[in-house]
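The values are calculated or read from the model by the stated rules, or taken from the named source; none is laboratory data. Here the structure is a predicted model, which means the values were calculated and not measured. Here Cβ is always computed from backbone atoms with ideal geometry, including for glycine, and neighbour counts include all displayed protein chains. Note: areas computed on protein heavy atoms with side chains; ligands, DNA, RNA excluded. Shrake-Rupley method; radii C 1.70, N 1.55, O 1.52, S 1.80 Å.
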Amino acid sequence: MTTRLAPGDTAPDFTLPTADGGQLTLSSLRGQSVIVYFYPAAMTPGCSTQACDFRDSLQTLQGQGYAVVGVSPDPPERLAEFAEHDGLTFPLVSDVDKQVLTAWGAFGEKKLYGKTVTGVIRSTVVVDPEGQVLLAQYNVKATGHVAKLRRDLGID
């Protein structure tokens, strides 16, 4: 069973390559809240829907002090293509070896079309300005998740 994060846990720090060729370190975002969301694969229908929902809510989220970071096992080149294709303006980071996905509880056994498989568990973790987990949601739906997250966070 995958260990999942819970409110009050310290969010595991990470440094991962970004779609734009740089690197992002989570702890460099201290002082603001960060929505870290984990998705299985760039350029797939569900992941595109979810990413576009974050893109469309980004101004409101940022206005409330939230940064958004998307994490997947795709290589940076694929993430760059995804960002350009869907006009994504928040950081996408690459976790090819799945160490961060695993540490955050977003990789492990899940149900897919009635079968148990091992893979990325679509998840969202909100980290507060001090680096503590504020909210952790696992097995989220791609469609409608951002709206639900906004409600859960009290953001109109």
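Taking the stated definitions as given, is GLY131 open to solvent by less than 10 Å² (accessible area, probe 1.4 Å) and touching a Phe, Trp or Tyr at 6+ places or on another chain (Cβ under 9 Å)?
On the way: open to solvent by less than 10 Å² (accessible area, probe 1.4 Å): yes; touching a Phe, Trp or Tyr at 6+ places or on another chain (Cβ under 9 Å): no.
So GLY131 does not fit the description; no.
Here is a list: VAL146, VAL133, VAL126. Which entry is within 16 Å of VAL69 (Cα to Cα), hydrophobic (A, V, I, L, M, F, W, C), part of a strand (DSSP E or B) and touching a helix residue (DSSP H, G or I) at 6+ places or on another chain (Cβ under 8 Å)?
Numbers: VAL146 fails: part of a strand (DSSP E or B); VAL133 fails: touching a helix residue (DSSP H, G or I) at 6+ places or on another chain (Cβ under 8 Å).
Selected residue: VAL126, the only one of VAL146, VAL133, VAL126 that is within 16 Å of VAL69 (Cα to Cα), hydrophobic (A, V, I, L, M, F, W, C), part of a strand (DSSP E or B) and touching a helix residue (DSSP H, G or I) at 6+ places or on another chain (Cβ under 8 Å).
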Any chance VAL117 is farther than 22 Å from GLY22 by Cα, out of contact with any His (no Cβ under 8 Å at 6 or more places or on another chain), open to solvent by less than 40 Å² (accessible area, probe 1.4 Å) and aliphatic (A, V, I, L, M): no
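Within 26 Å of THR3 (Cα to Cα), open to solvent by 40 Å² or more (accessible area, probe 1.4 Å) and either assigned to a strand (DSSP E or B) or free of Cβ contacts under 8 Å to residues at least 40 places away in the same chain (or both): does that describe THR89?
Values: within 26 Å of THR3 (Cα to Cα): no; open to solvent by 40 Å² or more (accessible area, probe 1.4 Å): yes; either assigned to a strand (DSSP E or B) or free of Cβ contacts under 8 Å to residues at least 40 places away in the same chain (or both): yes.
For THR89, the condition - within 26 Å of THR3 (Cα to Cα), open to solvent by 40 Å² or more (accessible area, probe 1.4 Å) and either assigned to a strand (DSSP E or B) or free of Cβ contacts under 8 Å to residues at least 40 places away in the same chain (or both) - is not met.
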Residue in segment 92-114 that is most open to solvent (accessible area, probe 1.4 Å), counting only those that are in contact with a strand residue (DSSP E or B) (Cβ under 7 Å, 6 or more places away or on another chain) and of a type in the set (Lys, Arg): LYS98
